[in-house]
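Asker: Before anything else, here's the structure in question.
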Amino acid sequence: MDSDSERKLRELRLNLAEVCLEGRVDRIAALCNNPAGDALMTMINSGLRHLAMTKADQAVAERCHRILSVEHDVARKVAAYLALSLFSFPHGVERSFDIIDVPTPLLGTAIKILLAVPLFFTRDGARRRALAHVEATVQEIHKAVMVIDEPDFRKEVLNGFMDGYAVTAVYAEDVPLHVLAKRRAELIRMYLEINDLARDVVPTPRDPADTVIRMGILCPGAMSETAAVRGHLEGLDRRIFQIIAFVPDEAATTVSAGFEDVADDFIALPVGDIAQAAEIVAGESLDILMMGANATNTCRFPWTLLMAQRLARLQVAMHSCSLTTGFPTIDVFLNGKLNEPEDAQEDYTEELLLTPQSSNRYIFPGPEIAPTPLTREQIGVPDAALLVVSGANFFKIGPDLINAWARILENAPAAHLLMYPFNPNWMTHYPHKKGFLRFVQARFAEHGVGVDRLHVLEAQPNRAPILGLLKMADLYLDSFPYSGAVSLMDPLSMGCPPVVREGHTARCRQSAALLREIGLEVLVTRSSDDYVTVVTRLLHDHSLRREISEAVRDVSKHARLQEQGIGGDVGRLLASALRKKVKATSA
């Protein structure tokens with residue numbers, strides 16, 4: 001935002017804070033329930049909280065802290081907390097009141113504010129603290145709605161939760177999240193039930209003589225997820241599996257285009273009417289319903305609401321979901337053996353089904369994309385410089401990763417880093433872009449790395465410019481703890497060696513699983529120090545870097561991962577799981 005816009009927003013924020021500090025619940029509620037939108041949440045989402053506070057801001061924040069510390073009136077405490085949340089993030093504020101004490105007219109907004117963690121983090125350990133805050137908040141919300149049997153209370157709390165829960169920024173941490181996922185799933189299910197949206201069915205007995213398996217796919221719209229689903233379908237025995245692709249009615253033509261060569265039939269679902277959509281899916285008498293998109297981030301995503309219901313004999317998630325779904329209505333989770341640690345089942349509420357290798361197969365629809373010819377001059381990188389590139393998404397880049405990249409550039413003064421972190425598959429608009437880039441530049445400066453060695457490529461209309469960039473890059477730097485997945489296919493296809501770090505949970509092992517499968521384990525590291533050391537050595541040793549690049553090009557030429565699906569293994573696993581499910585339900 002420009003300076004004038006920032007000044008006006010700051011003034012408006014102070015005015016909103018003063019309204020809250022007056023302590024009038026009716027007036028605050030009017031701000032939150034305005035037809036134009038929740039004024040407090042709009043301000044919180046503006047990005048101002050990422051900017052340093054002025055003296056006027058600090059004075060208001062101090063008043064809020066005093067009220068929270070000494071005030072006995074709960075309504076005033078809540079009002080002061082709402083005011084303070086305009087300036088501070090929830091994981092850094094001592095609340096001093098319980099959710100059950102919040103006045104009903106403010107409940108929805110209070111819940112959304114409690115869940116409004118930053119979209120990016122600038123302090124070491126802050127993301128872990130924010131995740132812990134989300135887990136504790138969801139636990140409190142869950143307990144409150146289970147204990148307080150008051151319809152208005154439950155409705156307000158659940159609406160706030162459904163609107164406010166979003167963990168994209170915090171589930172990059174390499175920790176088990178099955179408890180959080182299970183509580184989230186139970187809250188979503190309660191929301192469906194109290195709003196009369198659930199349309200569960202008891203599947204009719206399957207005819208033992210029927211040799212065709214009717215398999216529905218809730219098709220994703222994001223290109224990366226589309227490629228992942230197609231990778232799971234390629235090689236499926238189409239004499240056995242009949243594929244019905246469910247697409248959202250609001251984008252039916254666009255989404256269908258990604259599956260027209262792999263589906264037998266298409267059905268558009270009215271995503272604005274979940275009950276009707278559920279009835280349509282249930283009416284297809286499916287043997288299997290597979291979720292093709294991420295059902296584990298937000299709560300109002302239509303496919304998430306559908307998978308929270310029993311609509312088919314066997315319901316399936318795959319690695320497009322970043323962690324376990326927590327839903328008892330989802331029976332199995334598909335992944336690859338190399339993607340999971342030995343104790344993986346402990347992190348899932350579903351039964352874990354594993355293909356023999358990795359599950360990272362991505363087959364993009366349409367013709368192969370040719371790289372756009374680029375020169376170093378066009379991107380502002382000297383010809384003599386070493387070019388390291390990363391397409392790690394904005395949400396995956398935390399202080400630990402930036403510190404590692406800064407150390408690499410400090411150790412290799414001839415190296416430049418080019419990032420393209422604003423992938424539209426994750427988010428159509430990144431409102432905190434400038435603040436994020438200021439943070440990266442500041443961390444680099446601490447290591448003596450000038451801003452002239454950091455380059456940023458904005459979101460591109462297609463992958464052609466990215467491929468052109470990777471074709472002339474020396475190395476690709478994967479993200480950690482949350483690793484890349486489909487993003488690794490581009491550097492591999494262009495012969496650009498990717499260096500990755502392997503974690504413990506599946507979302508932190510994707511890139512390592514893929515490299516192990518294709519014989520490039522030498523590029524898999526196991527710690528931040530190891531990651532920095534390997535990248536630094538490759539940048540300094542031209543002969544070794546050339547040898548590794550040739551190995552990557554050889555793999556790219558012969559493995560042809562972009563053409564190889566895992567449908568054969570997926571089909572065998574799903575057919576077996578279906579038989580097991582049918583046998584259990586008929587017993």
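Asker: Determine the dipole magnitude for the chain: charges of +1 sit on the beta-carbon of Lys and Arg, -1 on that of Asp and Glu, nothing else is charged, the reference point is the Cα centre, and the result goes in debye to the nearest 20.
Answerer: 660
Asker: Once amide H atoms are built 1.01 Å from N in the peptide plane, which residues 5 or more positions from His416, or in another chain, come under 5 Å H to H?
Answerer: Leu386, Leu387, Val388
Asker: According to the square roots a ≥ b ≥ c of the eigenvalues of the Cα gyration tensor, what is the shape class of the range 3-194, taking rounded for a/c under 1.5, prolate for a/b larger than b/c otherwise, and oblate for the remainder?
Answerer: Judged from the Cα gyration tensor, the range 3-194 comes out oblate (a/c at least 1.5, b/c at or above a/b).
Asker: Determine the gain in length on full extension of the stretch Ala445-Ala132; use 0.36 nm per residue of separation and subtract their C-alpha separation, reporting nm with one decimal. Can you show the working numbers first?
Answerer: Working: separation 313, 0.36 × 313 = 112.68 nm, distance 3.01 nm.
109.7 nm is the gain from fully extending Ala445 to Ala132.
Asker: Give the calculated FRET efficiency between Leu12 and Glu284 to the nearest 0.05, with a Förster radius of 45 Å applied to their Cβ-Cβ distance.
Answerer: 0.35
Asker: Subtract the Cα-Cα distance of Asp530 and Ala414 from 0.36 nm times their separation in residues, and report this length gain in nm to one decimal. All intermediate terms of the calculation are to be shown ahead of the outcome.
Answerer: On the way: separation 116, 0.36 × 116 = 41.76 nm, distance 2.05 nm.
Value of the extension gain: 39.7 nm.
Asker: Let me ask you something else. Mind putting a number on the dipole of the range 367-426 about its Cα centre? Charges go on the C-beta only, +1 for Lys and Arg and -1 for Asp and Glu, and I need it in Debye to the nearest 20.
Answerer: 120
Asker: Taking semi-axes √(5λ) of the Cα gyration tensor in Å as the quantity of interest, determine which of (1) 49, 28, 24; (2) 39, 36, 19; (3) 47, 26, 21 was computed from the displayed structure.
Answerer: (2)
Asker: Once the Cβ-Cβ distance between Ala370 and Glu140 is put in as r, and R0 is 56 Å, what FRET efficiency do you end up with, to the nearest 0.05?
Answerer: Working: r = 53 Å, r/R0 = 0.95.
FRET efficiency, Ala370 to Glu140: 0.60.
Asker: For the range 465-587, what are Rg and Dmax over the alpha carbons, in angstrom?
Answerer: Every Cα atom of the range 465-587 included, Rg and Dmax give 17.9, 65 Å.
Asker: How high is the relative contact order of the range 456-510? Use alpha-carbon pairs under 8 Å, at least six apart in sequence, and give a whole percent.
Answerer: Values: 66 pairs, mean separation 19.8, N = 55.
Relative contact order of the range 456-510: 36 percent.
Asker: Give me the distance between the Cα centres of the range 97-144 and the range 1-50, rounded to whole Å.
Answerer: 19
Asker: A follow-up question, please. Evaluate the distance, in nm, between pseudo-label points positioned 7 Å from the Cα of Ile100 and of Ile148 along their respective Cα→Cβ axes.
Answerer: So the two model labels end up 0.9 nm from each other.
Asker: Give the calculated FRET efficiency between Arg572 and Gln345 to the nearest 0.05, with a Förster radius of 25 Å applied to their Cβ-Cβ distance.
Answerer: 0.80
Asker: Hey, another quick one. With just the Cα atoms defining each centre, how far is the range 154-204 from the range 244-280? Give it in Å.
Answerer: Each part reduced to its Cα centre gives a spacing of 23 Å.
Asker: Which pairs in the list Lys396/Lys434; Lys8/Lys55; Lys77/Lys143; Lys396/Lys433; Lys337/Lys471 are over 19 Å apart, alpha-carbon to alpha-carbon?
Answerer: Violating the 19 Å limit, Cα to Cα: Lys77/Lys143; Lys337/Lys471.
Asker: Which of His416, Phe439, Val499 sits closest to the plus end of the dipole of the range 376-561, meaning its Cα is farthest towards the positive end, when Lys and Arg get +1 and Asp and Glu get -1 on the C-beta?
Answerer: Positive-most Cα among the choices belongs to Phe439.
Asker: Can you give the calculated 222 nm mean residue ellipticity of the chain, where each DSSP H run of n ≥ 4 adds -39,500 (n - 2.57) and the sum is split over every residue, rounded to the nearest 500 deg cm²/dmol? Mind dumping the intermediate values first?
Answerer: Working: 22 runs with 256 residues, N = 587.
Rounded to the nearest 500, the figure is -13500 deg cm²/dmol.
Asker: Continuing with the same structure: Evaluate the distance, in nm, between pseudo-label points positioned 7 Å from the Cα of Val202 and of Ser69 along their respective Cα→Cβ axes.
Answerer: Computed distance between label sites Val202 and Ser69 equals 6.1 nm.
Asker: Now for a different question. What does the extension gain come out to for His429 and Glu521, with contour length at 0.36 nm per residue minus their alpha carbon separation?
Answerer: Result for the pair: 29.6 nm of gain on full extension.
Read-outs: derived from the displayed coordinates by stated rules, not from any lab. On a predicted model such as this, the values are computed, not experimentally measured, just so you know. Glycine gets a Cβ as well: all are built from the backbone with ideal geometry, and neighbour counts include every protein chain shown.
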